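Presented below is the structure to which this report refers.
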Amino acid sequence: MKFRNLATPALFTVILSLFPSVQAQKKIDAEGHQWWQHAVFYEIYPRSFADSDNSGMGDLNGITSKMDYLKQLGVDAIWITPCFPSPQVDFGYDVSDYEDIDPTYGTLKDFDHMVEEGKKKDVRIILDFVINHTSDQHKWFLDSKSSKTAGHRDWYIWRDGKGANQPPNNWNSTFGGSAWKLDPATGQYYYHYFYAEQPDLNWRNPAVEKAMFDVTRWWYKRGVSGFRLDAVDTMFEVEDLRDNPTLPGINKFGDPNQEVKYNAKLPEMHDALTKLRTVADESDAVLIGETWTKNIEELKEYYGGHRKELQMPMDFLFTQVNQLSAPEFRRQIAGVDKSGGWPVYLLSNHDIVRAYNRYGDGQHNDDIAKLMAGLFLTLRGTPILYYGEELGMENNDPTRREDVKDPIGRLGWPKEKGRDGERTPMQWNDSANAGFSTVAPWLPVPASYKTHNVAAEDKDPDSILNFYRHLLALRHTDAALAEGEYVALNENDPNVISYLRRYKNEAVLVALNMSNTEHTVKFDLAPQGFGKAKSTTLLTTLKPAPARIEEVSLAPFGVYIARLSK
Ligand code: NOJ
């Protein structure tokens, strides 16, 4: 399957320089939208993106060296998962110092250089703020565990057990086993929602709040444009620490299932995030939430309603539509779009199996990768790409327990294989280790790197990479894609999801065939005010491009995107 080649990669650079990104032009546009509402975000797992010193692990200088690649792709902001000093038990999500860089990834000087180079190219830096817990090697925790009267004792959650070898309550760690660990030195247990090496901070202590808020100020001064907030849901627990209700069955770690009722999504969390937002507003920064919600109502709460909370709570419900289903996506998109907040779409991340595997049918995976890009990059809202998604990178899951790096994969094997599969090195070319490193990288690349890599796809006008570039160039230049409202079309179609992005006298029409058979769709756009509109194809995988907008035949997994002008 082909798509209409609108421009060669070289021409992209010209297009992009003619139309600098909206954020570069002005802070707030005519519709009152701020920079992050038109920015394209891109998540980088620093250990796996670019390895400048051939250590087998990526680093900040590696990221800096790829700024041109990111710019040419159409990225405006990169979210870098934790690169702070850490024992790396959870690959950086166990922070031992919030105000430095882990030597694996470089130095503060390298960080400053990256910010500077980013500025030159209009690529902003977003850091990952691990707000719920620190490493057990953080100086705060080392002091906290040193004695019951230590200055930092109350910075974490310590309690007596219920009896000999009995933790304070029945709470499970989400990473397996009890959420409590006995510290023999003081005879008390401390609470950890994640690994035992990740003790939870006590957010009820104002000193914790102050220290953590100051961390964000420190980075804003260094040029950071915002934070992705890790595990916000579990910042608070009920004060009396009562047991969670037990549910039938056992989980993948062999623990009794339970409702996570008294240690997640407490109202106090929203108060703390609202205050954190006030700090962010001092620096015009954006807060992105790792917000796992059950439904849109819960998601809405993170936007804050009448008070300002997170600008960008991620909609993970979108990532859980785990089948190519036009009705399911239509329902999900409509819900978020009407939520009153600015939608935030992503297909995958470092904790979620790659979209290429989740949606691929094994036969048309590249077409489906373009289809999914055609969906989430044309919606009203801000997209967050996951590195390598633009290449059609696939999961490379370990096949033997002894190869697993992610501790939950070793603990939960074989039911839980861990997250190594979606964290493999970026595929730069078809040389050994996908050109990531001259030595064996920390995780192996999948065999498909031979075809799915930047160098090969750069040359192929029909590649997934060039499809992403076309789409992102459109997002940066087309007013309807940037500003337009979302108008669902043909809402009873079981196979093809279609919609308009309507803005003033212009609209962009998007039609995506989510099935493996051809379908012809008819559009009557008179009710939307575009009955007699002139249409121009912007991007399509259909060959030839449809002649008439009124009736479009979509090949299996076909994408059709057209501009309508009155
Ligand atoms: C969510 C992060 O995305 C994940 O990778 C990490 O293991 C947990 N939070 C704990 O920090």
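The values are calculated or read from the model by the stated rules, or taken from the named source; none is laboratory data. As the structure is a computational prediction, the values presented were derived from the model and not from experiment. We place every Cβ from the backbone using ideal geometry, glycine too, and count neighbours over all the protein chains shown. Surface accessibility is based on the protein's heavy atoms, side chains included, excluding ligands, DNA and RNA. Shrake-Rupley method; radii C 1.70, N 1.55, O 1.52, S 1.80 Å.
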Globularity ratio of the chain, using Cα Rg and 2.2 N^0.38 Å: 0.98
Debye, to nearest 20: dipole size of the chain, +1 on Lys, Arg Cβ, -1 on Asp, Glu Cβ: 1180 debye
At most 16 other Cβ atoms within 10 Å and a DSSP loop assignment: could you name the trypsin sites (Lys or Arg not before Pro) in the range 518-558 that fit? K532, R548
Based on DSSP, what percent of beta bridges with both residues in the range 211-321 are antiparallel, to the nearest 5? 25 percent
Between H306 and D271, what length in nm is gained on full extension when 0.36 nm per residue of separation is reduced by their alpha carbon distance? 11.3 nm
Among Q198, L509, L60, the residue whose Cα sits farthest towards the positive end of the charge dipole of the chain (+1 at Cβ of Lys and Arg, -1 at Cβ of Asp and Glu, taken about the Cα centre) is L509
Whole-Hz ³J(HN,Hα) from phi, Karplus 6.51 cos²θ - 1.76 cosθ + 1.60, for the range 197-203, glycine and proline x: 7, 10, x, 6, 6, 8, 6
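How large a share of the accessible area of the chain, in percent, is made up of carbon and sulfur atoms when the probe is 1.4 Å and the other protein chains stay in place?
Working: 10730 of 21450 Å².
Of all accessible area on the chain, carbon and sulfur atoms account for 50 percent.
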Once amide H atoms are built 1.01 Å from N in the peptide plane, which residues 5 or more positions from L201, or in another chain, come under 5 Å H to H? H133, T134
Please give the Cα centre distance for the range 388-418 versus the range 434-506, rounded to the nearest Å. 25 Å
Could you point to the residue in I78, F318, L481 farthest towards the positive end of the chain's charge dipole, with +1 and -1 charges on the Cβ of Lys/Arg and Asp/Glu respectively? L481
Could you grab the relative contact order for the chain? Cα pairs under 8 Å, six or more apart, rounded to a whole percent. 14 percent
With just the Cα atoms defining each centre, how far is the range 29-62 from the range 284-301? Give it in Å. 21 Å
Which ³J(HN,Hα) values in Hz, rounded to whole numbers, follow from the phi angles of the range 71-77 under the Karplus curve 6.51 cos²θ - 1.76 cosθ + 1.60, where θ = phi - 60° and Gly and Pro get x? 4, 5, 5, x, 8, 10, 8
So in the chain, what percent of DSSP beta bridges are antiparallel if you round to the nearest 5? 65 percent
So what is the relative contact order of the range 174-312, in percent, for Cα pairs below 8 Å that sit 6 or more residues apart? 22 percent
Point-charge dipole on Cβ atoms (K/R +1, D/E -1) for the range 163-224, about Cα centre, debye to 20: 300 debye
Among the listed pairs K261/K417; K338/K405; K459/K543; K308/K504; K294/K522, which are separated by more than 31 Å between their Cα atoms? K338/K405; K294/K522
What ranking of S146, S325 comes out by heavy-atom accessible area, probe 1.4 Å, highest first? S146, S325
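Select from the range 128-197 those trypsin sites (Lys or Arg not before Pro) which occupy a DSSP coil region and have at most 14 other Cβ atoms within 10 Å, ordered by residue number.
Numbers: sites: K139, K145, K148, R153, R159, K162, K181; in loops: K148, K162.
Listed in order of number, the matching sites are K148, K162.
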Compute the relative contact order of the range 59-205 as a whole-number percentage, counting only Cα pairs closer than 8 Å that sit 6 or more residues apart in sequence. 21 percent
Using the Karplus equation 6.51 cos²θ - 1.76 cosθ + 1.60 (θ = phi - 60°), what ³J(HN,Hα) coupling, rounded to whole Hz, does each residue of the range 437-454 give in order, writing x for Gly and Pro? 7, 7, 9, 4, x, 4, 10, x, 8, x, 4, 5, 4, 4, 9, 9, 8, 4
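Tell me the per residue accessible area of the chain using a 1.4 Å probe; a whole number in Å² is fine.
38 Å²
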The set of residues whose placed amide H lies less than 5 Å from the amide H of L229, leaving out same-chain residues fewer than 5 positions away, is F129, I288, G289, E290
For R124, other-chain or 5+-apart residues with amide H closer than 5 Å (H placed, Pro excluded) are A77, I78
For n ≥ 4 DSSP H runs only, could you compute -39500 (n - 2.57) per run for the chain, divide by its residues and tell me the 222 nm figure to the nearest 500? -7500 deg cm²/dmol
Could you calculate, for the range 271-410, the ratio of the Cα radius of gyration to the Kirkwood radius, expressed as Rg to Rh? 1.02
